[in-house]
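The values are calculated or read from the model by the stated rules, or taken from the named source; none is laboratory data. Predicted model, so just to flag it, every value in this text is computed and none were measured. Cβ sites come from the backbone with ideal geometry, for glycine too, and all protein chains shown count toward neighbours.
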Amino acid sequence: MALAVIAGSAVLDVVWHEYFGRDSVLWSPPHLLGVIGSLVLVVGFAISRGEVGRSRLNGVLLGVVLVSAAMLPVMEYDSRVPQFSELLYLPIVVVAALFAAWVVDGTMSGTRIMTLVVLGVILERAVIWGVLTWWNWPAVDVPLALLGLVVLDLPRVRAGTKRALATIALTLIQLAASVTGLSSVAAESVLPSAVVLLVVAIGWLLIAHRSGRTSVAAGVIMLVATSVGVDAAPAFAHDPGQGTDRGEISMTVERRGSQVLVTVEPVTSSAPIRLERIVARRAGEIITATHQLPGDEPGVVRGSLNLADDDALWFIYAEFSSSIGPLESWITVEPDGVRADVRPLYQPPVSPINDVEFIAASTLVYVLAAAILVVAVRAVRRSRRERCAVRSPQ
């Protein structure tokens with residue numbers, strides 16, 4: 001089933017681009033369906049491991065793949081290119097990590113299995129970070145927050161209590177990573193959801209301690225965690241997809257501290273163009289150039305932007321008007337970096353976010369993804385019951 005979903009998501013993605021326009025957002029319905037399908041595929045492997053595959057090493061490696069797959073939805077955040085509010089990051093990490101850990105616990109056995117899996121994921125991401133850094137490519141964060149899952153290996157502690165402690169540990173480690181700069185997600189974005197998660201996790205502990213109804217507490221934490229960012233405004237994606245190329249633009253950006261100097265010069269264009277504005281976009285925030293100055297040469301425009309003085313990667317857009325509609329081009333700028341490049345001038349896809357057909361189609365795909373997850377959860381529960389039955393004395 002998972003393989004069919006993955007293959008179907010690829011076909012759906014092509015149809016989606018043809019009908020609704022191109023997009024490069026990880027959370028777009030076809031992309032997210034593929035991500036969920038990949039996760040469920042790994043869950044299926046974990047459930048169906050035969051006796052040959054039940055070695056400790058194989059179990060740990062499969063657990064590493066499982067947790068890594070669960071973290072795919074936040075890969076844009078870990079890559080410093082978030083397209084939605086950073087308030088959503090921590091709740092998603094907590095829910096995804098606890099789900100993956102629950103699957104590991106239900107399908108694998110052995111002492112300190114979660115500790116070994118987490119260390120494997122950290123090592124895997126550290127190697128990726130090292131390789132990308134070595135080649136001067138944009139790197140990805142090492143998910144240090146996952147170290148909080150180690151508490152799930154505590155002996156003689158009830159499952160509900162361990163999940164609450166894991167939630168607290170995940171939250172505090174991520175907050176510390178953001179404060180110290182070890183995470184690309186800003187501390188001020190993590191703090192609001194961290195406070196909510198800590199309060200709910202402590203409440204979870206109290207509920208579990210007084211009534212023993214850990215399933216109720218688990219439902220509360222999941223509900224709150226996934227709804228923390230409901231009121232967060234959706235972002236303008238940094239790269240919603242490039243439409244038809246209409247020419248080329250020379251763009252130069254120089255960032256020193258919080259100030260960014262931008263130089264824009266048309267190279268070629270299939271229609272006369274006029275620069276409307278220069279903006280910076282990241283995680284839902286749009287900053288317009290404070291002023292624009294004519295260059296020394298005809299057609300050259302220079303702008304100035306004031307950004308937050310941090311390690312964030314920003315996307316600088318030059319937006320034009322023309323007889324064939326709006327056109328744009330973009331370039332990235334690193335902290336205290338300089339970059340010059342000739343970039344495509346293209347027609348941005350028209351966002352159908354208010355289109356009834358788009359909303360209906362998106363809802364249908366998201367419901368399908370949720371249904372697939374429900375099937376996976378039921379399969380894991382059935383596997384857990386079967387394992388318990390085997391262990392119980394006859």
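For the residues Pro393, Pro335, the requirement of being over 28 Å from Thr268 (Cα atoms), surrounded by 15 or more Cβ atoms within 10 Å (Cβ to Cβ) and modelled with pLDDT under 85 singles out Pro335.
Here Leu61 passes the criteria (1) in a helix (DSSP H, G or I); (2) buried (at least 18 other Cβ atoms within 10 Å of the Cβ) except the one numbered (2).
For the stretch 38-83, residues that are out of contact with any helix residue (DSSP H, G or I) (no Cβ under 9 Å at 6 or more places or on another chain), at pLDDT below 85 and among the charged types (D, E, K, R) total 3.
Consider the stretch 118-148 and keep the residues that are in contact (Cβ under 8 Å) with a residue 60 or more places away in the chain and either of a type in the set (D, E, K, R) or part of a helix (DSSP H, G or I) (or both). The one that is nearest to Ser193 (Cα to Cα) is Leu146.
Looking across the stretch 141-182 at every residue that is over 29 Å from Gly106 (Cβ atoms) and of a type in the set (S, T, N, Q), the one that is surrounded by the fewest Cβ atoms within 10 Å (Cβ to Cβ) is identified as Thr180. Just name the residue that is farthest from the chain's Cα centre (by Cα) out of those in the stretch 185-199 that are surrounded by fewer than 23 Cβ atoms within 10 Å (Cβ to Cβ) and hydrophobic (A, V, I, L, M, F, W, C). My answer is Val199. When you scan the stretch 217-303 for strands (runs of 3 or more DSSP E) that lie fully inside it, which ones turn up with 2 or more residues that are at pLDDT 75 or above? Qualifying strands (runs of 3 or more DSSP E): 245-256, 259-269, 273-282, 285-288. With respect to Leu165, is the statement that it is in a helix (DSSP H, G or I), without any contact (Cβ under 8 Å) to a residue 60 or more places away in the chain, farther than 24 Å from Ala46 by Cα and of a type outside the set (Lys, Arg) true? Yes.
When the residues of the stretch 118-139 are filtered to those that are among the β-branched types (Val, Ile, Thr) and surrounded by 18 or more Cβ atoms within 10 Å (Cβ to Cβ), the one that is nearest to Ile202 (Cα to Cα) is Val118. Here is a check on your reading of the model: is Ala177 at pLDDT 90 or above and among the small types (Gly, Ala, Ser)? Yes: the conditions hold for Ala177.
Against the test of being out of contact with any Cys (no Cβ under 6 Å at 6 or more places or on another chain), at pLDDT below 85 and hydroxyl-bearing (Ser, Thr, Tyr), the options Ser323, Ser351 yield a single qualifying residue, Ser351.
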